[in-house]
Amino acid sequence: MTVSIMKAAEAALAPSGAKLLRFRVPDLGSAKSRLLQALAAAATRLLPPLIMLALGLAVWEIACMKPGATLPGPSRIWADARDLIVDPFFNLGPQDIGLGWRVLKSLERVSVGYGIASVAGILIGALIGQSVWAMRGLDPIFQILRTVPPLAWLPISLAAFRDSQPSAIFVIFITAVWPIIINTAVGIRNIPQDYRNVALVLRLNHFEFFWKIMIPSAAPYIFTGLRIGIGLSWLAIVAAEMLTGGVGVGFFIWDAWNSSRLSDIVVALAYIGVVGFVLDRVVAAIATVVTRGTAAN
Amino acid sequence: MAPHLKIDHVDKLFARGSVVTDVLSDITLTITKGEFVSIIGHSGCGKSTLLNIVAGLVQSTKGGVLLEGTEVNSPGPDRAVVFQNHSLLPWLTVYGNVRLAVDKVFAGAKSRAERHDWTMHKLALVQMAHAKDKRPAEISGGMKQRVGLARALAMEPKVLLLDEPFGALDALTRAHLQDSVMALHQKLGNTVLMITHDVDEAVLLSDRIVMMTNGPAARIGEVLEVPLARPRNRLELATNPTYLGCRKRVLEFLYERHRFVEAA
Ligand SMILES: Nc1ncnc2c1ncn2[C@@H]1O[C@H](COP(=O)(O)OP(=O)(O)OP(=O)(O)O)[C@@H](O)[C@H]1O
Ligand SMILES: [Mg+2]
């Protein structure tokens, strides 16, 4: 009897004791432990790439140490192009400006070309996605055009526009537009019949259907296209600028090559890589915010 | 009373290439204002097809649908549908889903503030006002159907069309929602056409039960009046002889005379 009563009392106490403990521990150390956890998480994500970067730089340095090496090692680059690395936004006259300014100039062209490609791509994709026949007829053509390299468009666009600035923008547009069209069209085709039925019962007109059903429903697909598109745009701008000139990171590389400033080229490559990465992440982040409703279902 | 909704000699054939499926054959049904009519039948007999014809989402091959004496053959908010799988738009909140319908249907007739009040009122009718800022993915299946019902009611339809609205729900939630629908029907006096495959649900809710034969070429086999006084209480009805009699009639129809035959 007594034993069972004791057991019952223990059982009754044990959970409340556990609760007390569970409440106390985080009270005392929750902020600290959370900070530690965040730091640990950041370390596990940041450390491996940093270590690999250091290793890579070391190997590179060793490989370029022997006399007569054709390429500069990291230390040479640091010595040659220190101003470019540490200050992206210096301005010492018309042609002597920081790489940040050049990147901004390139981004400006990209934003125009890519912006037009986004709007046109989504509209054309929406039109094509509505019709089975347009899809069947145009999809193979787009699939072929999609594989034409950006630079192959440049001579044609130079001939058409007779000016380098619009030509570069056109090359970006024509490179980025195909994946946006194709993905939008697929997204529109995949709008569930249920949503179409809702629109029919509500008698939504074409305009309302486009904004209230099509775009949100196809958003995950559209953003897939937009993300591929921004990557291709950035690929295209560097190549196009190398040939069309003007202020921009692509032309900077070409110019550096002509005056044998190899270190500058390497720095520019790093800039291009980082900016491309950031662009991709920005579009991906916008996508997660915008499509959180659709993706959740 | 003059017929409110009339389904007039409707036939439906689905043709795909040279293959023609005869789904519905010579369906005629008259529903008066405020009546609650259920359609019951085995899976695949064409219940959804019939409801979609009334909704205007599917065109009949022959015959037509008259609403208050005028023919209807395209979808519209006067025949609001609660779909089997809720069909809420996942990127809108609960409020947004209902508000979309309200904004469209009462665009010119109500001010902004009135449309807001109307939306909140309909959400309150189905006890979903508390979850107005949630997204469909964040609420339970029963709650989604409630919101679907609120959206349909918000359109002030002349006929409310329900396609197995509780089919995907567990028994308890289903009973709860049936009571809600009964109470709403009592309060608002809507004309309702509901599809179901649940005999108890049909008898409990309906004024009349339309029993369909098996396809292909399904017909209306029998129409049963349910002469039970409203409001109805499911517990009291459990032993009511009229209720049990109606239930037996439907069961006999479905499981003796028109047993479900497996498609070959
Ligand atoms: N678009 C279509 N094309 C061809 N056949 C169709 C089409 N829609 C429905 N059918 C056929 O019509 C018949 C009836 O379908 P329906 O969906 O109306 O049945 P139901 O009674 O609602 O079944 P359930 O109870 O399973 O929902 C089925 O045999 C189906 O194969
Ligand atoms: Mg069905």
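Read the figures in this text as sums done on the coordinates, not as results from a lab. The structure presented is a predicted model; accordingly, all values stated were derived computationally and were not measured. Note that we place each Cβ from the backbone using ideal geometry, even for glycine, and neighbour counts take in every protein chain shown.
Could you work out the percent of alpha carbon pairs in the protein assembly as shown separated by over 39 Å, rounded to a whole number?
In whole percent, the long-distance tail amounts to 52.
Across region A:180-193, in residue order, what do the Karplus-derived ³J(HN,Hα) couplings come to in whole Hz, using 6.51 cos²θ - 1.76 cosθ + 1.60 with θ = phi - 60° and x for Gly and Pro?
5, 4, 5, 5, 4, 4, 5, x, 5, 4, 8, 5, x, 4
Figure the gain on full extension for residue A:292 and residue A:66 (residue separation times 0.36 nm, minus the Cα-Cα span) and round it to one decimal in nm.
The span from residue A:292 to residue A:66 would gain 75.9 nm if fully extended.
Name the shape class, rounded, prolate or oblate, that the alpha-carbon gyration tensor gives for chain A, where a ≥ b ≥ c are the square roots of its eigenvalues, rounded holds for a/c under 1.5, and otherwise prolate holds if a/b is larger than b/c and oblate otherwise.
Here chain A falls in the oblate category.
Hey, what angle do you get for helix B:94-105 against the long axis of chain B, alpha-carbon based, 0 to 90 degrees rounded to 10?
Taking Cα atoms only, the helix is inclined about 80 degrees.
Of the residues B:221, B:108, B:96, which exhibits the maximal mean-square fluctuation in a Gaussian network model of chain B defined by a 10 Å Cα contact cut-off?
Comparing B:221, B:108, B:96 in the GNM, the peak value goes to B:108.
Which of A:58, A:285, A:41 moves most in a GNM of chain A, Cα contacts under 10 Å?
Of the options given, A:41 has the highest mean-square fluctuation.
Between residue A:144 and residue B:133, what is the spin-label point distance in nm, taking each point 7 Å from the Cα along the Cα→C-beta axis?
5.5
Can you run the Rg to Rh ratio on region A:224-297? Use alpha carbon positions and the Kirkwood inverse-distance Rh.
Looking at region A:224-297, the ratio lands at 1.17.
How far, in nm, would the chain grow between residue A:156 and residue A:255 when pulled straight, counting 0.36 nm per residue and subtracting the alpha carbon separation?
Separation in residues times 0.36 nm, less the Cα-Cα distance, equals 33.3 nm.
In a GNM of chain A with a 10 Å cut-off on Cα contacts, which of A:37, A:165, A:193 has the highest mean-square fluctuation?
Between A:37, A:165, A:193, it is A:37 that shows the largest mean-square fluctuation.
What FRET efficiency comes out for the pair residue B:107/residue B:171, r = Cβ-Cβ distance, R0 = 41 Å, nearest 0.05?
0.50
Mind putting a number on the dipole of region A:82-291 about its Cα centre? Charges go on the C-beta only, +1 for Lys and Arg and -1 for Asp and Glu, and I need it in Debye to the nearest 20.
Computed about the Cα centre, the dipole is about 600 debye.
Could you tell me which of A:112, B:45, B:223 has its Cα farthest along the dipole of the protein assembly as shown towards the positive end, charges placed at Cβ (Lys, Arg +1; Asp, Glu -1), taken about the Cα centre?
It is B:223, whose Cα lies furthest towards the positive end.
Checking the cross-link filter: which lysines have an alpha carbon closer than 23 Å to that of residue B:6, excluding same-chain neighbours under 8 positions apart?
Within the straight-line cut-off, residue B:6 pairs with B:33, B:47, B:62, B:158.
Once amide H atoms are placed 1.01 Å from N in the peptide plane, what residues at a sequence separation of 5 or more from residue B:226, or on another chain, have their amide H within under 5 Å of its amide H?
Amide H neighbours of residue B:226, under 5 Å, 5+ apart: B:208, B:209.
Summing -39500 (n - 2.57) over the DSSP H runs of n ≥ 4 in chain A and dividing by its residue number, what mean residue ellipticity at 222 nm do you reach, to the nearest 500 deg cm²/dmol?
-27500 deg cm²/dmol
R0 = 35 Å: FRET efficiency of residue B:197 with residue B:70, Cβ-based, nearest 0.05?
According to the calculation, E is roughly 0.65.
How far is the Cα center of region B:8-49 from the Cα center of region A:57-74, in Å?
For region B:8-49 versus region A:57-74, the Cα centre distance is 81 Å.
Is the C-alpha gyration tensor of region B:49-140 telling us rounded, prolate or oblate? Criteria: a/c under 1.5 is rounded; beyond that, a/b larger than b/c is prolate, otherwise oblate.
oblate
So how many Lys-Lys pairs in region B:89-156 land under 19 Å Cα to Cα, not counting same-chain pairs under 8 apart?
Pairs that pass both the separation and distance tests number 8.
Just how far, in whole angstrom, is region B:182-204 from region A:91-108 if you go by their alpha carbon centroids?
So the separation of the two Cα centres works out to 71 Å.
For residue A:280 paired with residue B:18, estimate the spin-label separation in nm (one decimal), with each label point 7 Å from Cα along the Cα-to-Cβ line.
Using points 7 Å along Cα→Cβ, the separation is 5.3 nm.
What area, in nm² and to one decimal, does the C-alpha convex hull of region B:89-156 cast on average over all directions?
Average projection, Cα convex hull of region B:89-156: 4.0 nm².
With θ taken as phi - 60° and the coefficients 6.51, -1.76 and 1.60, list the Karplus ³J(HN,Hα) couplings across region B:23-38 in order, rounded to whole Hz; mark glycine and proline as x.
Values, residue by residue: 9, 10, 9, 6, 8, 10, 8, 10, 10, 8, 4, x, 7, 10, 10, 10 Hz.
Would you please give the FRET efficiency between residue A:46 and residue A:208, computed as 1/(1 + (r/R0)^6) with r the Cβ-Cβ distance and R0 = 45 Å, to the nearest 0.05?
That pair, residue A:46 with residue A:208, gives E of 0.45.
What is the sum of charges, Lys and Arg at +1 and Asp and Glu at -1, for the other residues whose Cβ falls under 15 Å from the Cβ of residue A:225?
That works out to +1.
Counting each DSSP H run of 4 or more residues in chain B as -39500 (n - 2.57), what helix-only mean residue ellipticity at 222 nm follows after dividing by all residues, to the nearest 500 deg cm²/dmol?
Helix-only estimate at 222 nm: -10500 deg cm²/dmol.
Could you let me know the centre-to-centre spacing of region B:63-118 and region A:216-265, using Cα atoms, in angstrom?
48
How tilted is helix B:112-125 with respect to the longest principal axis of chain B? Cα atoms for both, answer in degrees (0 to 90, nearest 10).
So the inclination is approximately 50 degrees.
Pop out the ³J(HN,Hα) list for region B:213-225 in order, Karplus 6.51 cos²θ - 1.76 cosθ + 1.60 with θ = phi - 60°, rounded to Hz; leave Gly and Pro as x.
For region B:213-225, the Karplus curve yields 6, 6, x, x, 6, 5, 10, 7, x, 7, 10, 10, 7 Hz.
What's the exposure ranking of A:52, B:211, B:182, going from fewest to most Cβ atoms within 10 Å?
A:52, B:182, B:211
For chain B, would you read off the P(r) tail past 23 Å as a percentage of all alpha carbon pairs?
For chain B, the share of Cα pairs beyond 23 Å comes to 53 percent.
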